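To start, the structure under review is shown below, and the notes come after it.
The values are calculated or read from the model by the stated rules, or taken from the named source; none is laboratory data. Keep in mind it's a predicted model, so treat the numbers as computed, not measured. Neighbour counts are summed over all protein chains in view; Cβ atoms, including those assigned to glycine, are modelled from backbone coordinates with ideal geometry. What goes into the accessible areas is simple: the full protein's heavy atoms, side chains included, and nothing from ligands, DNA or RNA. Shrake-Rupley method; radii C 1.70, N 1.55, O 1.52, S 1.80 Å.
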Amino acid sequence: MPPQIDLKARIQNALAQCAHGDLLTNALALFAALGYRSDKQIRLPDNTARGFLAEFGDERFNAANALTDEWRSIDLVLQLTDTEINHTAQRALFDSHGVDRSNYQSYLIFAIELAGAAYARTALAKITREVNKLFAMPALILFKHGNTLTLSVIDRRLHKRDETKDVLEKVTLIKDIRLANPHRAHIEILHDLSLPKLSDDYTLSNFTTFHDAWRAVLDTSELNKKFFRELANWFYWAQAHVSFPSGAGKNQAERNATALIRLITRLIFTWFIQEKDLVPPALFDEKQVSQLLADFAPARDTYYRAILQNLFFGTLNTEMGARAFRHEPKAGQRADDFMTHNRYRYKSYFANPDAWLALTRDIPFLNGGLFECLDKEVERDGKHELLRVDGFSDHPANELNVPNYLFFTDENDPRYFKARDNAQLNEVFGAKNKKYQVRGLVRLLHRYKFTIDENTPLEQEVALDPELLGKVFENLLAAYNPETGVTARKQTGSFYTPREIVNYMVDEALMAYLETQLKDPKGFRKPLGSKLRRLFAYTDEPHPFDARETAALIEAIDNLKLLDPACGSGAFPMGALHKLVLILHKLDPDNARWKAKQIAKASEIPDTTVRERVVADIEQSFNRNALDYGRKLYLIE
C-alpha cells in the first residue's frame, strides 16, 4: 500500500476508535496517527470543568460562553513545541516531561467531550476562545459530540509576552468529522495536517514555520482556489463533449459554455441545499443512480436529462403535490403539454418511475429563477416558434447531449479523456505539453466538504461555503468567450464582490446610518466613530455605550431599511444581517429590548384577534429558539 494511502487508512482507523472508550486515549492515538507524539502532558486528577478551572482558571474565563455545564470531560492531550516538530526519522522526540507553561512558541491540545450530539460553529468557537483566554500559547481543541469530532484551531498573535496585547483572532474549525464514515474531504484535510505531509510540503525549521504551515493548510481561500482549478479543468474539458440546443445562439461553442455555466451554478446550489438534507444524496450516488435509470451507460446522457433536468425544473421549480410525469399521447395524437415545464420528462429512462416520484416527493419548492426552464414559445412574423435553450424535452429530435461520463468518470479515464483534451486545455491555459487531471463533476463535488454557514472574520469552517457560488459564477463568466475578449460578465453587468470588500461596505453603510441616527439634537457624546468601530468588531469586548445610547441604537436598528439595488448573490444584505445580529447581541444579550420592540409594534394592530396571534408568535419565536433566531427573524421582517 502506498505511504499516502496507508497514512489515510491509519487516520480513518483512529477516527473509528474514537467512537468508544476513553477520549484522552483515543485522542492520543489520533494525533499519533497524524505523526504527533509527546510526553509533554498533564493528567488532571479531576478532568471535569471544575477540575480544569481549579488548575487553570481565572476571572477572565466566562463559563456561560464556554458551556461548561455541557462538558463531560476535558483533558490536556499534549503540547507541541520545537522539540516535537524538529524530528529526524523515528528517533525519540522527547527530552522532558510535563507541560512547559512558559513556552509561548507551542500548541496546547485539549480534548473536550460534550454532552450534546450537535453544536453550531459559533458555540464551539466560543468555547475555544474562552479556553484560550487562560493560556499564553494557542490552545487547539478536539471536541467530541455525538458521533462526530471537531478540531478547533485559533489564530492568535504569537510571541506576545504582554497578555494585555495578546489578541485572540480567527477560529478555524474542521467540523463534524464523522467517526464511522468520515467525509473524504475531512480525511484529506487531516492528512495534509499530518507531520509527515507537512514535512514534505513545507520547511519546518521551527515552531513559527510549523504554525504557518498549519495556517496554510487551513486557509479556506486556498481551498476555494483548489476547487476552482479543478472545476475550470472540467468546464473547459466538457465544452468539447456536450451539445446544447441552437435556441441559445448560433455559435455552438458560446452556447455550450453558457449552458455549462448554468449547469454548474444549478448543481452547486443544489449541493448546498443537500447539506440541509433537503435533497436526497441518492441522486448523486453512482450506485443508486444506476438502479434508478434503465440505461446508465457512460456515453448516454440519461443522468443529465432524467435526473438533473427533472430535479431542476420538474422538482425544485414545481410546487410539492403537483409533481408528475407529463401526459404521453398515444400514437398519432399531439401532446398538449410539451412546453409545460413543471412536468417530469423521460419516463422511459427510469427503471421504476414510481421510485423517482418517491425520491422527489419531499424536496421543497424553491420558487426561484435559477431553476426556471429557459425553453419558451416566441412569436416571429405572426408564427409561433419554439426557442429551446435548456432542451427540456423528450422529443427524439432534441439536440441536447450531456454524456453520463462527464459526471461520473474517474480522473483521466482513457476512454473519455483523450490526448486532444490535454491539447485543448493547454491552449486554454496557455501551457505546453502539460497533463491535466479531470474527473466527473459529481465525483469532483464529492471530494469537497460543503457548509451552508457563511464564514465570518471571527470564525470559519474548513469547507466550501455559499460565497463559492459568486466566485464560480463570475470567474467562469469572465472567461467564457476568449475569441472576442468580450466576457459574459461585461455583457450582463454581473460582478462578484469579494467578501472583504462586502464586509467593508457593510460596516461603512451601517456606520453612516447609525451615526446619523445618534447625532444631535439628541445630545450624544462625540466622537461616535471610534465607539461604533468597537461595537462592530468581532470581539467579546463589552460595547462602550450608556443606557440612553443603547436604546437609541436598538431603535435605529429596528427602523433600518436596507436596499441592494444590484443584488446578485445577496452577499451585501446577508453581510448586513450578520453584522446587525452581532451588534444586537452586544447591545441586548438576552434579547429583552429587541423582543419588547417587536411586541410594542404588534400591540398597535387594531384587530384584536390578529394582534393576539402576532404577539403569541413573537413570544414563541423568542422563547422556543436560540437567541439569534429572534434577532434574524425580525431584522428580516
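Where residues in the range 172-186 are open to solvent by 50 Å² or more (accessible area, probe 1.4 Å) and at pLDDT 95 or above, which of them is farthest from the chain's Cα centre (by Cα)?
Kept after step one, since they are open to solvent by 50 Å² or more (accessible area, probe 1.4 Å), are these residues of the range 172-186: 176, 178, 180-181, 184.
Among the residues that remain, those that are also at pLDDT 95 or above are: 176, 178.
Values: ASP176: 13, ARG178: 17 Å.
Among those that are open to solvent by 50 Å² or more (accessible area, probe 1.4 Å) and at pLDDT 95 or above, it is ARG178.
Output the number of the condition that GLU411 fails; it satisfies all remaining conditions of (1) open to solvent by 40 Å² or more (accessible area, probe 1.4 Å); (2) touching a residue at least 60 places away in the same chain (Cβ under 8 Å); (3) among the acidic types (Asp, Glu).
Every listed condition holds for GLU411 apart from (2).
Output the number of residues of the range 196-211 satisfying the condition of being closer than 17 Å to GLN105 by Cα and in contact (Cβ under 8 Å) with a residue 24 or more places away in the chain.
7
Give the residue that is farthest from ILE177 (Cα to Cα), with candidates limited to residues of the range 105-126 that are of a type in the set (Val, Ile, Thr) and crowded, with 23+ Cβ neighbours inside 10 Å.
Let us first name the residues in the range 105-126 that are of a type in the set (Val, Ile, Thr), namely 109, 112, 122.
Filter again for crowded, with 23+ Cβ neighbours inside 10 Å, leaving 109, 112.
On the way: ILE109: 17, ILE112: 15 Å.
Out of the qualifying residues, it is ILE109.
Out of the range 539-568, which residues are over 32 Å from the mean Cα position of the chain (by Cα) and of a type in the set (S, T, N, Q)?
We begin by selecting, within the range 539-568, every residue over 32 Å from the mean Cα position of the chain (by Cα); these are 544-552, 555.
The one that is over 32 Å from the mean Cα position of the chain (by Cα) and of a type in the set (S, T, N, Q): THR550.
Do we have PHE52 as buried (at least 20 other Cβ atoms within 10 Å of the Cβ), touching a residue at least 12 places away in the same chain (Cβ under 8 Å) and not in a strand (DSSP E or B) here? Walk me through it before giving the result.
Values: buried (at least 20 other Cβ atoms within 10 Å of the Cβ): yes; touching a residue at least 12 places away in the same chain (Cβ under 8 Å): yes; not in a strand (DSSP E or B): yes.
It is true that PHE52 is buried (at least 20 other Cβ atoms within 10 Å of the Cβ), touching a residue at least 12 places away in the same chain (Cβ under 8 Å) and not in a strand (DSSP E or B).
From the set of residues in the range 187-222 that are over 18 Å from PRO457 (Cα atoms) and of a type in the set (D, E, K, R), which is surrounded by the most Cβ atoms within 10 Å (Cβ to Cβ)?
So, considering only residues that are over 18 Å from PRO457 (Cα atoms) and of a type in the set (D, E, K, R), the one surrounded by the most Cβ atoms within 10 Å (Cβ to Cβ) is LYS197.
Could you tell me which numbered condition PHE269 fails, if it satisfies all but one of (1) of a type outside the set (D, E, K, R); (2) open to solvent by less than 30 Å² (accessible area, probe 1.4 Å); (3) under 26 Å from the mean Cα position of the chain (by Cα); (4) farther than 17 Å from VAL389 by Cα?
Answer for PHE269: the failing condition is (2).
Tell me yes or no: at least one residue of the range 501-520 is open to solvent by 50 Å² or more (accessible area, probe 1.4 Å), modelled with pLDDT under 85 and over 27 Å from PRO565 (Cβ atoms).
Checking the range 501-520: at least one residue is open to solvent by 50 Å² or more (accessible area, probe 1.4 Å), modelled with pLDDT under 85 and over 27 Å from PRO565 (Cβ atoms).
Inside the range 360-391, can you point out the residues that are among the β-branched types (Val, Ile, Thr) and within 21 Å of GLN274 (Cβ to Cβ)?
The answer is THR360, ILE363.
A quick yes/no check of all residues on (1) within 22 Å of MET137 (Cα to Cα); (2) in contact with an Asp or Glu (Cβ under 6 Å, 6 or more places away or on another chain); (3) not aliphatic (A, V, I, L, M):
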site	(1), (2), (3)
ILE11	no, no, no
ALA16	no, no, no
GLY35	yes, no, yes
ASN47	yes, yes, yes
LEU76	yes, no, no
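Among the candidates GLN333, GLN291, GLN252, GLN309, single out the residue that is open to solvent by 60 Å² or more (accessible area, probe 1.4 Å), at pLDDT 95 or above and of a type in the set (S, T, N, Q). Working first, answer last.
On the way: GLN333 fails: at pLDDT 95 or above; GLN252 fails: at pLDDT 95 or above; GLN309 fails: open to solvent by 60 Å² or more (accessible area, probe 1.4 Å).
Just a single option satisfies the conditions, and that option is GLN291.
Could you count how many residues in the range 247-266 are farther than 18 Å from ARG443 by Cα and under 27 Å from the mean Cα position of the chain (by Cα)? Please lay out each step first, then the result.
Step one: list which residues in the range 247-266 are farther than 18 Å from ARG443 by Cα, which gives 247-259, 262.
Keeping just the survivors that are under 27 Å from the mean Cα position of the chain (by Cα) gives 257-259, 262.
The qualifying residues number 4.
Tell me the residue from PHE284, PHE244, PHE228, PHE235 that is open to solvent by less than 20 Å² (accessible area, probe 1.4 Å) and within 19 Å of the chain's Cα centre (by Cα), please. First the steps, then the outcome.
Working: PHE244 fails: within 19 Å of the chain's Cα centre (by Cα); PHE228 fails: open to solvent by less than 20 Å² (accessible area, probe 1.4 Å); PHE235 fails: within 19 Å of the chain's Cα centre (by Cα).
When all the criteria are applied, what remains is PHE284.
Read through the list (1) surrounded by 13 or more Cβ atoms within 10 Å (Cβ to Cβ); (2) of a type in the set (A, V, I, L, M); (3) in a loop (DSSP other than H, G, I, E, B); (4) out of contact with any helix residue (DSSP H, G or I) (no Cβ under 9 Å at 6 or more places or on another chain), then give the number of the only condition that ILE363 fails.
Failing condition for ILE363: (4).
Quick check on my filter: what residues within the range 578-637 are under 25 Å from the mean Cα position of the chain (by Cα), under 19 Å from ALA551 (Cα atoms) and not charged (D, E, K, R)?
LEU580, VAL581, LEU582, ILE583, LEU584, HIS585, LEU627, GLY630, TYR634, LEU635
For ILE452, only one of the following conditions fails: (1) part of a loop (DSSP other than H, G, I, E, B); (2) open to solvent by less than 10 Å² (accessible area, probe 1.4 Å); (3) of a type in the set (A, V, I, L, M). What is its number?
ILE452 satisfies every listed condition except (2).
Which count do you get for residues in the range 366-390 that are open to solvent by less than 90 Å² (accessible area, probe 1.4 Å), in a loop (DSSP other than H, G, I, E, B) and either closer than 14 Å to ARG323 by Cα or not aliphatic (A, V, I, L, M) (or both)?
Total meeting the criteria: 7.
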